[in-house]
Amino acid sequence: MFTKLVTEASQRLNLPGTTVSELLGGLGALMTSDRTDGISGFVDSFRRAGIGDVLTSWYGGRTGKPVTASHVEAVLGAGAIQKLAESSGVTRAVASSAIAFLLPKVIAVLTPNGTLPTNESVVAAFTPFTRAVPSSTRVAARRPQARWLPWTAAAAVVILGLVLARNRAPSADAGRAADSSRVVREAAGSIAPAIGAAANLQGVTWEWEGYSSPTEQRTIDTPASYTIRFDSGGRVAVRADCNRGTASYTATADGELTVTPMALTRAMCPTGSMSDRFARDVGAATRFDVRDSTLLLTLPANGGTLRFRKAT
């Protein structure tokens, strides 16, 4: 079904056909992931990002409206695009641009009658391509790492150090014990930052204070109307004015953040509401930084920073 598209994309993007096939397979995996409710959830993610009309403009084989690499990252998430790029051997910028080229044509092929097919049909269409994609790239969001694993590793190091110390010659005990203690301290030091970084983010209701970018500075008049709360189980709860939403997330020790497409209510908020924009930007954030009582979420492609304060 997509053979001609692979050839066309290879020529237009100046990429090997195998690379285009891997990118196409990764896109298919993102579009049909059970975690995001398959193809219908994929379409909804564009609606939540405020560009649902762009995607539906491609139905029925129409050329429709253009989509940019920034749109792709905002909807799918920089983390998912980065995984896809790594599995295909290209940069994230190349992957985003390639998906922006492929997606309108894929939707056009899948909707010849102007209607969205079943998820099973889409999976079948991508089957020849998804075989080449590593399983780690077939899900838009990573599973949250079990929080007990780092502490289990640390405990194992402690036990190993004690066993080694007990079996050493008495004359070497002091030196061996010092070495064991050093190993344990280093192991604990490597584990603690990851847990600490997540702990600073979690269990707090954060109120949206403002937004800044190279072209815009904005202060939010009603911070309590726009809040986020990350729990320790990998879920984030969002209040976006009159709407409520939830999503899954992962956070790393060095501040990387990935948020899956958000399930958001669609109430009509008052004129001037920032509901849609807030939900879109939270879902697009790629990094976080907690500084005392302030949380900063960074958007991709120099798109700006969301600033939050702890709710009182």
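Bear in mind that the values in this text are calculations on the coordinates, not laboratory data. Because the structure is predicted, anything quoted here is derived from the model rather than measured. When we count neighbours, we look across all protein chains shown, and the Cβ atoms used for this are built from the backbone with ideal geometry, even at glycine.
Observations, loosely collected:
- If you wrap segment 3-131 in the convex hull of its Cα atoms and look at it from every side, the mean projected area works out to 6.9 nm².
- Taking every alpha-carbon pair within segment 202-310, the share separated by more than 25 Å comes to 12 percent.
- Counting only Cα atoms, the size of segment 1-47 along its three principal axes is 32, 18, 17 Å, in decreasing order.
- Full-extension gain in nm, residue 312 to residue 221, via 0.36 nm per residue minus C-alpha separation: 31.1 nm
- Using θ = phi - 60° and Karplus 6.51 cos²θ - 1.76 cosθ + 1.60, couplings along segment 223-228 (whole Hz; Gly, Pro as x): x, 5, 7, 9, 10, 9
- Protection proxy ranking, peptides 234-246, 5-17, average beta carbon neighbours within 10 Å, highest first: 234-246, 5-17
- Remark: the residue 231-residue 91 segment gains 47.2 nm on full extension, using 0.36 nm per residue and subtracting the alpha carbon distance.
- Note on residue 83: lysines with a C-alpha under 30 Å away, same-chain residues under 8 apart excluded, are 4, 65, 105.
- Projected label distance in nm at residue 244 and residue 212, using a 7 Å step from Cα toward the beta-carbon: 3.3 nm
- By the count of other C-beta atoms within 10 Å, a proxy for reagent exposure, 21, 225, 232 are ordered fewest to most as 232, 225, 21.
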